[in-house]
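K.L.:
Can you keep this structure in mind? I'll have questions shortly.
The values are calculated or read from the model by the stated rules, or taken from the named source; none is laboratory data. Computed from a predicted structure; not experimentally measured. Methodologically, a virtual Cβ is constructed for each residue, glycine included, from the backbone with ideal geometry; neighbour enumeration extends over all protein chains shown.
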Amino acid sequence: MSLVVRPSPAIWVDGEPATALPIPDRGLDFGDGLFETLLVRQGQPVLLDYHLQRLQHGIEALAFPDCLPRARDHLASACKQLIGTPWAALRLTVTRGAGPRGYAPPERVVPRTIITSAPLQQDRDELSAPITLGWAEVAWSIQPRLAGIKHLNRLEQVLAANEARALGVDEVVMLDARGLVCSVSAANLFLVEDGRLLTPSLEYVGIAGTRRRLVIEQLAPALNIEVVQRDVHAAQLEQAAELFCCNAIRGLQPVSRLGEQHWQDHPVCSALHAGYREAVAC
């Protein structure tokens with residue numbers, strides 16, 4: 001299948017094409033902002049409602065003025081430019097905008113939207129090849145006020161991704177500061193145990209992924225598979241019948257190895273993927 005390839009990522013700032021990022025900006029200065037990474041198919045963002053609902057939750061959690069309608073309009077304009085591109089990754093960033101020196105936000109906040117997009121080469125309809133996992137040394141910090149939202153502070157995930165590269169694995173499992181399983185560096189995590197799906201609770205830490213939500217609310221119920229959100233211990237992963245990860249760009253990814261444990265078959269992930277294909281069909 002031939003894909004339309006654009007020569008470089010496109011950038012829009014506050015709805016206008018741009019070649020540079022404006023400064024000062026509190027997103028750059030303090031990580032004072034939010035982002036959404038969307039899969040776009042022929043100009044149509046996949047699971048847009050899920051992304052916008054999470055973004056709105058983040059806007060409220062960070063006490064931004066209501067900027068969702070403006071961000072949604074800018075997103076729609078950017079997506080129109082991707083018509084004719086089979087698959088693209090689009091990142092929507094919303095920051096608190098410019099401000100004076102110091103941590104305290106300005107009295108009058110004017111949020112800023114920054115959008116970038118780039119074409120994807122792989123057909124996102126297909127189930128991803130199985131991936132290998134290791135264990136991260138860096139842990140998620142616990143902050144219930146930020147749990148679930150996708151804020152800009154991602155240094156822990158940057159360090160974890162570096163560890164994955166050093167270990168020669170595709171991803172690493174990250175624990176939280178309590179020693180409980182949270183996720184991998186860039187995706188949510190599910191395990192199959194006693195015929196049920198388990199996924200770590202996000203009450204105190206973690207990101208409420210859109211594909212995680214899709215599995216919980218639509219894909220698993222369609223197959224009459226129970227999903228339990230609760231504390232997950234490291235030992236449970238190596239004893240699981242099956243593991244898989246999920247995020248917006250990669251979709252569902254079965255796990256073939258974690259440490260010394262190997263999985264050759266992935267029947268649950270494969271069954272869920274059949275429903276996932278329909279969800280991304282736009």
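K.L.:
Would you say Glu217 is closer than 26 Å to His151 by Cβ, free of Cβ contacts under 8 Å to residues at least 12 places away in the same chain and not hydroxyl-bearing (Ser, Thr, Tyr)? Quick ask: steps written out before the conclusion?
P.N.:
Values: closer than 26 Å to His151 by Cβ: yes; free of Cβ contacts under 8 Å to residues at least 12 places away in the same chain: yes; not hydroxyl-bearing (Ser, Thr, Tyr): yes.
Considered against the rule, which asks whether it is closer than 26 Å to His151 by Cβ, free of Cβ contacts under 8 Å to residues at least 12 places away in the same chain and not hydroxyl-bearing (Ser, Thr, Tyr), Glu217 comes out as yes.
K.L.:
Given the criteria loosely packed, with under 15 Cβ neighbours inside 10 Å, of a type outside the set (A, V, I, L, M), assigned to a loop (DSSP other than H, G, I, E, B) and not assigned by TED's automatic domain parsing to the domain that holds Gln44, does Arg165 qualify?
P.N.:
Values: loosely packed, with under 15 Cβ neighbours inside 10 Å: yes; of a type outside the set (A, V, I, L, M): yes; assigned to a loop (DSSP other than H, G, I, E, B): no; not assigned by TED's automatic domain parsing to the domain that holds Gln44: yes.
No.
K.L.:
Report the residue count in the stretch 17-45 for those that are of a type in the set (Lys, Arg) and more than 19 Å from Arg72 (Cα to Cα).
P.N.:
Just the residues of the stretch 17-45 that are of a type in the set (Lys, Arg), to begin with: 26, 41.
Next, only the ones that are more than 19 Å from Arg72 (Cα to Cα) stay: 26.
Total meeting the criteria: 1.
K.L.:
Could I ask something else about it? Could we say that Glu238 is closer than 19 Å to Ala136 by Cβ and of a type in the set (D, E, K, R) here? Quick ask: steps written out before the conclusion?
P.N.:
Numbers: closer than 19 Å to Ala136 by Cβ: yes; of a type in the set (D, E, K, R): yes.
So Glu238 passes the test.
K.L.:
Hey, another quick one. Quick check on my filter: what residues within the stretch 123-143 are closer than 20 Å to Leu47 by Cα and under 18 Å from the mean Cα position of the chain (by Cα)? Break it down stepwise before answering.
P.N.:
Taking the stretch 123-143 and keeping what is closer than 20 Å to Leu47 by Cα, we get 123-128.
Of everything in the stretch 123-143, those that are closer than 20 Å to Leu47 by Cα and under 18 Å from the mean Cα position of the chain (by Cα) turn out to be Arg124, Asp125, Leu127, Ser128.
K.L.:
Considering only residues of the stretch 60-97 that are surrounded by fewer than 20 Cβ atoms within 10 Å (Cβ to Cβ) and within 17 Å of the chain's Cα centre (by Cα), which is nearest to Gln42 (Cα to Cα)?
P.N.:
Of everything passing the filter in the stretch 60-97, Ala89 is nearest to Gln42 (Cα to Cα).
K.L.:
Just checking, which of Val46, Val13 is at pLDDT 95 or above, buried (at least 16 other Cβ atoms within 10 Å of the Cβ) and within 20 Å of the chain's Cα centre (by Cα)?
P.N.:
Values: Val13 fails: within 20 Å of the chain's Cα centre (by Cα).
Step by step, each of Val46, Val13 is checked, and only Val46 is at pLDDT 95 or above, buried (at least 16 other Cβ atoms within 10 Å of the Cβ) and within 20 Å of the chain's Cα centre (by Cα).
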